Amino acid sequence: MSEIFYQEQTRLALDNFSISGTGMPAGFIHALGALKLACAKANLELGELNKGKANAIVQVSEAIAAGNLDDQFPVDVYQTGSGTSTNMNANEVIATLASKQSGLSVHPNDDVNMGQSSNDVIPSTIHIASMIMLKQQLMPALKQIEADLGARIDELSATVKTGRTHLMDAMPVTFGQELSGWQAQLRLCRQRLEDTCVRLCRLAIGGTAVGTGINTQSNFGALVCKYLSQFLDLPFTVTDNHFAAISSQDTALELSGQLNTLAAALMKISNDLRWMNSGPLAGLGEITLPKLQAGSSIMPGKVNPVIPEAVAMACAQTMGYHSAITVAAQSGNFQLNVMLPLIGQNLLLSQQLLTRSCEHLTRQVITRFTVNKEQVEQVLNKNPILVTALNQRIGYEKGAEIAKKAYDEKRDILDVAKAMTDIDEEELRSLLDPARLV
């Protein structure tokens, strides 16, 4: 940091808080800059702030929103629960630079923080930062993996494999059908997130300290949302109840829950890929994942499913973030939640992990795995569970006898069924054809 633009309140926060050594995420700071810009424009329209000061505040706030002043925000995540120190940090940086660039005397509290409180600014910033990341990063990543899965579904729509329930052989499915389940999971996750966005766009700004709107005009929040929407091209509106928006973090928890669901879906898909790739000789060996790196420091030639493993770990961490947000979201004591910085950090970190997980999984695995057709067909043809297709002709008990004999003697189900039923071979071949059974 070549030059410092923050002032005394930020310095005190640096003295008081050094728990993690990590500041608020850059995306949070950028969203805070956007909010300060919108507040200055609203105060100008309301006649509360003169044009010179307002324009100076807007100019610096825009630089913060663009990421040009990230090094001026060193305050630890683990600070006062309202995030006051981060809000003051922004007020001071903006005031210092606005004064310097305009030649006017811009005050951190009286001018930059006019009509605001940390208690409505920080909850609003949590929503804004999350919306930006959802729309710019996570949603596009989800749409891409859905599209790539769609291409593989079309490609593998006629490739039949053994289905599995309880990790045991079951009736056949196509690879396309199996992948369609993954695609549907991710589509539903995206739709849930889109539904949450409706509530995420409702902001606490205008409620100031406790929700009553003390020290600001009644239409301040609506004006802020108007200018914020114009600046970010997102449909923000002011909340219909400031008391709930400031004292609770239910919408943030809802978002975290949707991210947690996505993490569970991605972990399921990753583990399916690991199982399908297992072997190549002593496992299922249905597919081969790309060989990205050496899998062992001692066993030459070993190749591991590194991307699904990395994604599974990212998903586990996201689940941990959700647990922390769950605790934090119920920490609204009377008129204020007092774990706001933790919520803001964890929401953005979760989205970042899930975005990059989707990108890695589709780019390095979904679009590149190959099907080991010979292995798949060999296992499929010996699958005694295919006898299920004969249930209506021979009954469950007779089918179980045929399946047991085929298992015990390691024979094809067709051969055993020919010997144990009076159904002719041509009809048996038709009834037991895996392609017919999917």
Notebook entry, point to check: Which residue, of GLN183, GLN101, is at pLDDT 95 or above, surrounded by fewer than 23 Cβ atoms within 10 Å (Cβ to Cβ), within 31 Å of the chain's Cα centre (by Cα) and of a type outside the set (A, V, I, L, M)?
Noted result: GLN183
Notebook entry, point to check: Residue check, TYR6 against (1) closer than 23 Å to SER130 by Cβ; (2) in contact (Cβ under 8 Å) with a residue 60 or more places away in the chain; (3) assigned to a loop (DSSP other than H, G, I, E, B), all met but one. Which one?
Noted result: (1)
Next item on the list: Scan the stretch 27-86 for residues that are at positive phi and touching a residue at least 60 places away in the same chain (Cβ under 8 Å) and report the count.
Entry: 1
Next item on the list: Test ASN113 against the stated conditions and say whether it is in contact with a strand residue (DSSP E or B) (Cβ under 7 Å, 6 or more places away or on another chain) and either among the charged types (D, E, K, R) or modelled with pLDDT of 95 or more (or both).
Entry: no
Check: Among GLN317, GLN351, which is within 30 Å of GLY283 (Cα to Cα) and either in a helix (DSSP H, G or I) or at pLDDT 95 or above (or both)?
Finding: GLN317
Notebook entry, point to check: Looking at (1) assigned by TED's automatic domain parsing to the domain that holds ALA328; (2) over 33 Å from the mean Cα position of the chain (by Cα), can you tell me which one ASN50 breaks?
Noted result: (1)
Checklist line | Every residue from the stretch 414-427 that is aliphatic (A, V, I, L, M) and either modelled with pLDDT of 90 or more or surrounded by fewer than 11 Cβ atoms within 10 Å (Cβ to Cβ) (or both) | finding: VAL416, ALA417, ALA419, MET420, ILE423
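Okay, residues lined up against (1) in contact with a Phe, Trp or Tyr (Cβ under 6 Å, 6 or more places away or on another chain); (2) farther than 30 Å from GLN378 by Cα; (3) among the charged types (D, E, K, R); (4) crowded, with 22+ Cβ neighbours inside 10 Å:
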site	(1), (2), (3), (4)
LEU232	no, yes, no, no
PRO235	no, yes, no, no
GLU254	no, yes, yes, no
LEU266	no, no, no, yes
ASN271	no, no, no, no
LEU281	no, no, no, no
GLY285	no, no, no, no
Next item on the list: Taking ARG164 as the residue in question, decide whether it is assigned to a helix (DSSP H, G or I) and surrounded by fewer than 19 Cβ atoms within 10 Å (Cβ to Cβ).
Entry: no
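The values are calculated or read from the model by the stated rules, or taken from the named source; none is laboratory data. Computed from a predicted model, the values in this text were never measured in an experiment. Reconstructed Cβ throughout: ideal geometry from the backbone, glycine too, with neighbour counts over all protein chains shown.
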